[in-house]
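The values are calculated or read from the model by the stated rules, or taken from the named source; none is laboratory data. Computed from a prediction, not measured in an experiment: that's the story for all the values here. Cβ: placed from backbone, ideal geometry, glycine included. Neighbour counts: every protein chain shown. Just the protein is used for accessible areas: all its heavy atoms, side chains included, with ligands, DNA and RNA removed. Shrake-Rupley method; radii C 1.70, N 1.55, O 1.52, S 1.80 Å.
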Amino acid sequence: MNPHVVGANLVVRIKSFYREKSTMFFMIAFPIILILVFGALFMNQDNMSFDLCVQDLDQTDSSAHLVKTLEIDGKFKIIKLDATISATQYAKDNKLNLILTIPKGYGWSFLQRTALNDTDASINLTYLYDPSSISVSMKMQILNSVFAGINQKMSGKPPFIRSAETSILARKYRFIEFFIPGIIAMSVMTLSLFGTVNVNTELRQKGVIRKLSTTPITRADWILSNILYQFILAVLSTMAMLLVSYAVFNVSLQINAWLPVFIALDVFAFVGVGMILTRFAKEAESAAAAANAISFPMMFLSGSFFPLEMMPGFMQTVARMLPLYYVNEGLRASMVFNDHMAALRYSAIIGVFAAAVFILGIIATKWEEGQ
């Protein structure tokens with residue numbers, strides 16, 4: 001080892017880093033931005049509240065008092081549902097993971113228990129829930145703790161409030177089955193984005209792409225071959241993830257024609273983003289840093305790992321502006337809920353985005369400038 005050579009090379013790398021302003025931004029400012037964003041997300045975790053839909057079929061002062069108790073002691077944001085609608089259908093249509101139903105007769109049972117001292121008087125409150133949701137168990141635990149507090153005030157007597165759980169899904173899905181589609185979408189995004197950025201910047205810096213203009217290959221041929229390559233990698237990666245998921249976790253997912261559709265849309269979308277990045281990021285390092293700046297927020301903000309409702313309202317709005325969110329939801333609609341209309345809707349949204357960025361990526365790719 002020659003310390004002089006090592007030192008000289010270190011000085012060169014430091015100078016190169018300093019002169020590339022975009023690299024400095026993405027490698028220094030971007031981590032700070034992430035700290036601020038996720039700090040804002042989790043700083044009030046102890047005071048975090050959940051939305052809770054309540055259908056009060058009793059409509060008495062006693063049931064209204066119970067709802068108020070849930071809002072205060074359970075720190076829920078209560079959303080009251082019309083007593084005349086079907087709670088199960090409403091939950092499916094609005095993608096809710098929990099609805100609490102207060103049955104008719106609650107007020108009379110409460111009166112019997114408190115005023116008439118009838119120890120046999122009790123009531124069953126229904127949890128209509130989605131077992132595939134990661135946050136639903138936490139909500140039910142909070143509800144149970146509030147009801148336990150109410151029952152404790154009636155100590156020495158049988159519980160007044162009991163709960164009954166009813167799933168809104170015909171089949172019971174585990175969280176792992178809800179989680180896998182998000183990982184597939186995230187993996188395809190990462191492969192397509194970084195694969196495009198790394199190859200294009202490397203070949204451009206070596207002058208290979210510029211020399212391609214003197215060969216018979218056209219720009220369209222070059223882009224198409226890259227798309228096919230990224231699609232093959234994405235399919236192989238997805239197959240590997242599914243094989244492991246079935247072998248290790250024995251998952252139960254719907255594998256249908258929507259899976260290759262969303263993989264293809266995911267590839268087109270982020271290959272297009274990658275081509276745009278390599279047009280404006282002149283150095284390989286800055287292009288990779290820019291790709292990180294795009295991919296990492298989407299990994300955490302688009303619902304790949306945890307549900308959107310755990311975020312503040314303004315961040316939920318931001319999440320619904322991210323393309324990966326619609327790939328996540330589309331895959332879950334087709335693989336978990338078998339909802340083809342929802343899958344069609346999400347595919348249309350991500351399809352428009354993919355077409356737009358891919359066209360811009362083609363325009364940005366120029367032989368003569370070495371792109």
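Check whether at least one residue in region 67-77 is closer than 13 Å to residue 54 by Cα and basic (Lys, Arg), and report yes or no.
Yes, some residue in region 67-77 is closer than 13 Å to residue 54 by Cα and basic (Lys, Arg).
Going by what's in this entry, would residue 329 be described as in a helix (DSSP H, G or I), of a type in the set (Asp, Glu) and surrounded by 22 or more Cβ atoms within 10 Å (Cβ to Cβ)?
The answer is yes for residue 329.
From the list 337, 314, which residue is outside any helix (DSSP H, G or I) and more than 19 Å from residue 191 (Cα to Cα)?
One residue alone meets the criteria, 337.
Identify, please: which residue in region 62-83 is among the charged types (D, E, K, R) and not in a loop (DSSP other than H, G, I, E, B) and is, among those, least open to solvent (accessible area, probe 1.4 Å)?
In this case the residue turns out to be 71.
Going residue by residue through region 89-104, is there one that turns out to be touching a Cys at 6+ places or on another chain (Cβ under 9 Å), part of a helix (DSSP H, G or I) and either surrounded by fewer than 19 Cβ atoms within 10 Å (Cβ to Cβ) or modelled with pLDDT of 90 or more (or both)?
Yes, region 89-104 contains at least one residue that is touching a Cys at 6+ places or on another chain (Cβ under 9 Å), part of a helix (DSSP H, G or I) and either surrounded by fewer than 19 Cβ atoms within 10 Å (Cβ to Cβ) or modelled with pLDDT of 90 or more (or both).
Would you pick out the residues in region 246-266 that are farther than 28 Å from residue 349 by Cα and in a helix (DSSP H, G or I)?
246, 247, 248, 249, listed by residue number.
Could you say whether any residue in region 205-225 is open to solvent by less than 40 Å² (accessible area, probe 1.4 Å), at pLDDT 80 or above and not hydrophobic (A, V, I, L, M, F, W, C)?
There is no residue in region 205-225 that is open to solvent by less than 40 Å² (accessible area, probe 1.4 Å), at pLDDT 80 or above and not hydrophobic (A, V, I, L, M, F, W, C).
Would it be correct to say that residue 295 is in contact (Cβ under 8 Å) with a residue 12 or more places away in the chain, hydroxyl-bearing (Ser, Thr, Tyr) and not in a helix (DSSP H, G or I)?
no
Taking residue 367 and the conditions (1) surrounded by fewer than 23 Cβ atoms within 10 Å (Cβ to Cβ); (2) of a type outside the set (Gly, Ala, Ser); (3) more than 12 Å from the chain's Cα centre (by Cα); (4) modelled with pLDDT of 80 or more, which numbered condition does it fall short on, given that it satisfies the others?
Only one criterion in (1) surrounded by fewer than 23 Cβ atoms within 10 Å (Cβ to Cβ); (2) of a type outside the set (Gly, Ala, Ser); (3) more than 12 Å from the chain's Cα centre (by Cα); (4) modelled with pLDDT of 80 or more is unmet by residue 367, namely (4).
Scan region 110-119 and give yes if some residue there is of a type in the set (Lys, Arg), open to solvent by 50 Å² or more (accessible area, probe 1.4 Å) and either on the phi < 0 side of the Ramachandran plot or more than 30 Å from the chain's Cα centre (by Cα) (or both), otherwise no.
No, the conditions are met nowhere in region 110-119.
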